[in-house]
Amino acid sequence: MTHTDYLWFNTPQRQAFVRITDEVRSIVKQSGVREGMALVSAMHITSGVFVNDWEDGLLHDFGEWLEKLAPSGLDYRHHRTGEDNADAHLKRTIMGHQVVLPITSGDLDLGPWEQVFYAEFDGQRRKRVVVKVMGEA
Amino acid sequence: MTHTDYLWFNTPQRQAFVRITDEVRSIVKQSGVREGMALVSAMHITSGVFVNDWEDGLLHDFGEWLEKLAPSGLDYRHHRTGEDNADAHLKRTIMGHQVVLPITSGDLDLGPWEQVFYAEFDGQRRKRVVVKVMGEA
Amino acid sequence: MTHTDYLWFNTPQRQAFVRITDEVRSIVKQSGVREGMALVSAMHITSGVFVNDWEDGLLHDFGEWLEKLAPSGLDYRHHRTGEDNADAHLKRTIMGHQVVLPITSGDLDLGPWEQVFYAEFDGQRRKRVVVKVMGEA
């Protein structure tokens, strides 16, 4: 069986990390799937989905690190189209744009510190994540 | 139900980004799966598969950025085996070697700008991507 | 049908790459799934799972490269919590924390050089990887 749902975001800041573990878990419960997998995937190409620690200091470190590896404000070729967000495309590539979460006994099968995050790198507008649950009742 | 197919590549350049959205969609349609997932995964360790924007400037930016983060021509330990492509292994790691695409109502469930690409970092020879479709009719 | 198993690790070094292709293949054989997918995912947020070459020189290159892109010993904000492993969170992000492996005719459907690795960046303690197999007999 399968179940599909969507999460919507509109972050006030251009860049933000939003914890979505509870929202994904809720969709898994609604799905009725007890053994399977949940795909959680950003539908926009300047945002991502990743699993890491729910610790504000580390999320701050991620932001600084991504700015160092994929700086904003460079003379990117992409900006000749009128865009100014090439760095957002690169940053989301490093963080990953999707995760597949195991479902065991009707719940997300996560380790003790695993939390699911939405990573926004070009926000301040409505964007979407698809959650596709597949497995057995 | 499941369905398996393979895409073959032999790029004239050593490094290339090839859009494969239409090929993957065609395999999904052939599969008969209407709700499920499609795994699209490079079978060689110097190529990748990723989702991003179909814009030549940005693809150019990706190439320059990868060369900066994972330069070719360095004195890599891997090259003592006679290989000269260590950077290709690193570059494909940044881009990712696979994606899982949601299938809804018999079609890829992609956002407005999502396109699927094959990323070649050591081309000029025959290489392969596996597409494994799984779900319900 | 689905099948779930776990691999345990306790690496003597803080950082290590451990080949797990055979262990994953063995779990797939036990599962009875002949067509489907196997999710192999680190359950700790300072380790990862990736597919690449089984060549010691290249694995050495990966270690040096990750230290360059995500250095240890910097003044990370995460360390104000008493932790000292922020770099491990970043390194695992670059390598990826999971892979989905296609299963065809009852075996992993891997290319000629594809090997599955567990990547440890903060070891010397017991940590876990989940393997979730899903598909048809």
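In this structure, is B:D75 open to solvent by 20 Å² or more (accessible area, probe 1.4 Å) and under 29 Å from C:A38 (Cα atoms)? Considered against the rule, which asks whether it is open to solvent by 20 Å² or more (accessible area, probe 1.4 Å) and under 29 Å from C:A38 (Cα atoms), B:D75 comes out as no.
Out of the residues in region A:83-106 meeting the condition of being small (G, A, S) and over 16 Å from the mean Cα position of the chain (by Cα), tell me which one is most open to solvent (accessible area, probe 1.4 Å). So that I can check it myself, show each step before the final result.
If we filter region A:83-106 for residues that are small (G, A, S), which is where we start, we get A:86, A:88, A:96, A:105-106.
Subsequent filtering for residues that are over 16 Å from the mean Cα position of the chain (by Cα) retains A:86, A:105-106.
Details: A:A86: 0, A:S105: 73, A:G106: 12 Å².
Of everything passing the filter in region A:83-106, A:S105 is most open to solvent (accessible area, probe 1.4 Å).
Taking (1) under 16 Å from the mean Cα position of the chain (by Cα); (2) at the interface with chain C (Cβ under 10 Å from one of its Cβ atoms) in turn, A:G57 satisfies each apart from (1).
Picking from B:R92, B:R19, B:R25, B:R77, which residue would you name as being touching a Ser or Thr at 6+ places or on another chain (Cβ under 9 Å), at negative phi and not β-branched (V, I, T)? Before you say what the answer is, go through the steps one by one.
Numbers: B:R19 fails: touching a Ser or Thr at 6+ places or on another chain (Cβ under 9 Å); B:R25 fails: touching a Ser or Thr at 6+ places or on another chain (Cβ under 9 Å); B:R77 fails: touching a Ser or Thr at 6+ places or on another chain (Cβ under 9 Å).
None of the other options fit; the residue is B:R92.
The set of residues from region A:1-58 being among the acidic types (D, E) and closer than 21 Å to A:K127 by Cα comprises A:D5, A:D22, A:E23. Within region B:1-23, the set of residues being more than 11 Å from the chain's Cα centre (by Cα) and open to solvent by less than 60 Å² (accessible area, probe 1.4 Å) comprises B:T2, B:H3, B:T4, B:D5, B:T11. Working only within region A:107-137, note down all residues that are within 14 Å of chain C (Cβ to nearest Cβ), in contact (Cβ under 8 Å) with a residue 60 or more places away in the chain and surrounded by 16 or more Cβ atoms within 10 Å (Cβ to Cβ). A:L108, A:L110, A:E114, A:Q115, A:V116, A:F117, A:A119, A:K132, A:V133, A:M134, A:G135 - these are the residues of region A:107-137 that are within 14 Å of chain C (Cβ to nearest Cβ), in contact (Cβ under 8 Å) with a residue 60 or more places away in the chain and surrounded by 16 or more Cβ atoms within 10 Å (Cβ to Cβ). Checked against the criterion of being at pLDDT 95 or above, farther than 28 Å from C:Q115 by Cα and in contact with a helix residue (DSSP H, G or I) (Cβ under 8 Å, 6 or more places away or on another chain), region B:40-53 contains one or more residues that satisfy it.
Are any of the residues in region A:58-65 in contact with a helix residue (DSSP H, G or I) (Cβ under 6 Å, 6 or more places away or on another chain), of a type outside the set (A, V, I, L, M) and open to solvent by 20 Å² or more (accessible area, probe 1.4 Å)? Explain how you work it out, then say what you get.
Our first condition is that a residue be in contact with a helix residue (DSSP H, G or I) (Cβ under 6 Å, 6 or more places away or on another chain); within region A:58-65, this holds for A:58, A:60-61, A:65.
Imposing the further condition that a residue be of a type outside the set (A, V, I, L, M) reduces the set to A:60-61, A:65.
Then drop every residue that is not open to solvent by 20 Å² or more (accessible area, probe 1.4 Å), which leaves A:60.
Yes, that holds for at least one residue.
Here A:I27 passes the criteria (1) assigned to a helix (DSSP H, G or I); (2) more than 14 Å from chain B (Cβ to nearest Cβ) except the one numbered (2).
The residues of region C:6-63 that are free of Cβ contacts under 8 Å to residues at least 12 places away in the same chain and of a type in the set (A, V, I, L, M) amount to a single one, C:L58.
Test A:V100 against the stated conditions and say whether it is among the hydrophobic types (A, V, I, L, M, F, W, C) and away from chain C (no Cβ under 14 Å). Here the answer is no, as A:V100 does not meet what is asked. What about A:V33, is it closer than 22 Å to C:V40 by Cα, in a strand (DSSP E or B), of a type in the set (V, I, T) and within 14 Å of chain B (Cβ to nearest Cβ)? The answer is no for A:V33. Exactly one residue among B:G73, B:G82 is at pLDDT 95 or above and of a type in the set (G, A, S), and that residue is B:G82. Would you say A:A86 is of a type in the set (A, V, I, L, M) and either out of contact with any His (no Cβ under 7 Å at 6 or more places or on another chain) or over 20 Å from B:F50 (Cβ atoms) (or both)? No; evaluated as a whole, the condition is false for this residue.
Going through (1) within 23 Å of B:Q98 (Cα to Cα); (2) part of a helix (DSSP H, G or I) one by one, C:V18 falls short only on (2). Evaluating B:V49 against the criteria (1) open to solvent by 70 Å² or more (accessible area, probe 1.4 Å); (2) within 12 Å of chain C (Cβ to nearest Cβ); (3) under 26 Å from A:D87 (Cβ atoms) leaves one unmet condition, (1).
The values are calculated or read from the model by the stated rules, or taken from the named source; none is laboratory data. No experiment lies behind these values; they were computed from the predicted model shown. We place every Cβ from the backbone using ideal geometry, glycine too, and count neighbours over all the protein chains shown. Just the protein is used for accessible areas: all its heavy atoms, side chains included, with ligands, DNA and RNA removed. Shrake-Rupley method; radii C 1.70, N 1.55, O 1.52, S 1.80 Å.
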